[in-house]
Amino acid sequence: MTAYIVAGDTLHTAKQGFPVKSKLDIDNFAIVIATGDNNQYTITYSYYHNPTGEVPTFTKKVTGSVLNDYYFRFADNSVQPGAVFDSKIQRFTKQFYQRTVGEGILIPLKGLSGPLDQTTDKEVIIVAVPQDH
């Protein structure tokens, strides 16, 4: 994950060659996109929570389609009125971008002991790139 922003507040940022700046007690944030039938995909989000050792996992079923020559878009047909789900992946660099309002993943701040399996109605932006292997 290269950026995690909640309600305009950048809570986590990481760029290659620069130190990670984070207000979160997490490591190994992962997004896995699995293909299904008929342009159906499953996006699974998980992270390792340092203080507890827990690995909360969130899964969303989406439909995928070509947006243009550069981007592939994911759409969530179950989004409620007033909610936003804007998710896409850059077709060549594989950079993932997602903006949600309603049902966004809320990762607790450092030092907070709130529940790990939670969502928020605030705007959440996640930007991620594939890990080097």
query = Looking at the range 47-57, which of its residues are open to solvent by less than 30 Å² (accessible area, probe 1.4 Å) and farther than 14 Å from ALA128 by Cβ?
reply = HIS49, PRO56
ask   = Taking the range 92-119, which residues are within 13 Å of the chain's Cα centre (by Cα) and surrounded by 14 or more Cβ atoms within 10 Å (Cβ to Cβ)?
value = GLN95, PHE96, TYR97, GLN98, ARG99, THR100, VAL101, GLU103, GLY104, ILE105, LEU106, ILE107
query = Among (1) out of contact with any Ser or Thr (no Cβ under 7 Å at 6 or more places or on another chain); (2) open to solvent by 40 Å² or more (accessible area, probe 1.4 Å); (3) part of a strand (DSSP E or B); (4) among the β-branched types (Val, Ile, Thr), which single condition is ILE89 missing?
reply = (2)
message = Of all residues being aliphatic (A, V, I, L, M) and outside any strand (DSSP E or B) in the range 9-38, which is most open to solvent (accessible area, probe 1.4 Å)? Just the residue, please.
response = VAL20
query = Got at least one residue in the range 65-76 being assigned to a strand (DSSP E or B), closer than 13 Å to VAL124 by Cβ and basic (Lys, Arg)?
reply = no
ask   = Is it fair to say THR44 is open to solvent by less than 80 Å² (accessible area, probe 1.4 Å), of a type in the set (Ser, Thr, Tyr) and within 12 Å of VAL127 (Cα to Cα)?
value = no
request  = Answer with yes or no whether VAL6 is of a type in the set (A, V, I, L, M, F, W, C) and either touching a residue at least 60 places away in the same chain (Cβ under 8 Å) or open to solvent by 70 Å² or more (accessible area, probe 1.4 Å) (or both).
outcome  = yes
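The values are calculated or read from the model by the stated rules, or taken from the named source; none is laboratory data. This one's a predicted model, so the numbers in the text were calculated from it and none came from an experiment. When we count neighbours, we look across all protein chains shown, and the Cβ atoms used for this are built from the backbone with ideal geometry, even at glycine. Heavy atoms of the whole protein, side chains included, go into the accessibility calculation; ligands, DNA and RNA do not. Shrake-Rupley method; radii C 1.70, N 1.55, O 1.52, S 1.80 Å.
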